[in-house]
C-alpha cells in the first residue's frame, strides 16, 4: 500500500491543515490536557470513517460502551446502522471492573481491565483478522494510553505499543491514541512519541500537527461544540 497516499479524515478543516488527510495506515498521538478535545476529535475521526464505509474499532479504557455510545449520539453520531452492518466494533476495557459478569454481546467485546494488555492485544488481532477480509483499511481509536500507563509497568506498555503500532501499519489501519498531558514522566511520553507517525498537540484553545510530511505545523485555534471540533484556518 503506497505510504504517500492520504485519505481524508472527513473533518474538512483538519484535512486542510494536514495537506489533504492522513496516511492510509499509521499511528497518530493526540497529546493534551484532560478535557481539551482529544476524545471528540477521536470519536469524530472514527465516525467520519464509518460514513465513508471504513470499518472502525474503538478501545475504551476510561468509560464503558453505553457511556461512549451516549456521548457519540449526543453529537448526532448515531451508531445503530454500523452496529447492524458490523462496520463498528468496540473493545470495552472498563465496564467489567465494576460488573465482572458481563459477556461479549453484539459489537462489544469485554476485557477485564486496562491492565490486561494481553487480552486487549488478542481482541484487537481477532477483530482485525475479520476486517482485513472485507476492507483495505480501517480506523481505530484508543482512549486512552494514560489508563494503560497508570495500570501497567511502562516497559510493558511500550512492548505492547511496539507490537500493535507495527501491526496496524501492516494491516492497513490508521489509529489515534489519546494521552493526557501532565500525568506521565517526560521520558515515557517521548517513548510513546517515538512509536508514532505524527502528533496532534493541543494547547489551551489551539492545536498543531507535528511529524507529518505536508502538514502545517502552525498553531490553529479551535472550538468545541456538541458537533465536534471546529478548527480555524
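Observations
- Most mobile listed residue (122, 43, 71) in the chain, GNM with C-alpha springs under 10 Å: 122
- Cα gyration tensor shape of the stretch 81-174, rounded if a/c is under 1.5, else prolate or oblate by comparing a/b with b/c: oblate
- Cα gyration tensor, the stretch 132-233 - rounded (a/c under 1.5), prolate or oblate: oblate
- For the chain: span of alpha carbons on each principal axis (Å, largest first): 48, 40, 36
- Rg/Rh ratio calculated on Cα atoms of the stretch 174-233 (Kirkwood radius): 0.98
- GNM flexibility winner over the chain from 139, 159, 208 (Cα, springs under 10 Å): 159
- Fewest-first ranking of 94, 177, using other Cβ atoms within 10 Å as the exposure measure: 94, 177
- DSSP-defined beta bridges in the stretch 6-228 - what % are antiparallel, rounded to 5: 30 percent
- Spin-label pair residue 163-residue 116: with each label point 7 Å from Cα along the Cα-Cβ axis, the two points sit 1.5 nm from one another.
- Using C-alpha pairs under 8 Å with a sequence gap of at least 6, the mean separation divided by the residue count of the chain gives a relative contact order of 29 percent.
- For the residues 32, 20, 86, a GNM of the chain with alpha-carbon springs under 10 Å puts the largest fluctuation on 86.
- Label-point gap, in nm, between residue 230 and residue 78 - each point 7 angstrom along Cα→Cβ: 2.3 nm
- Computed from the Cβ-Cβ distance with R0 of 35 Å, the FRET efficiency linking residue 195 to residue 99 stands at 0.60.
Rule-based calculations on the coordinates, nothing more; no lab input. As the structure is a computational prediction, the values presented were derived from the model and not from experiment. Neighbour counts run over all protein chains shown; Cβ positions are idealised from the backbone, glycine included.
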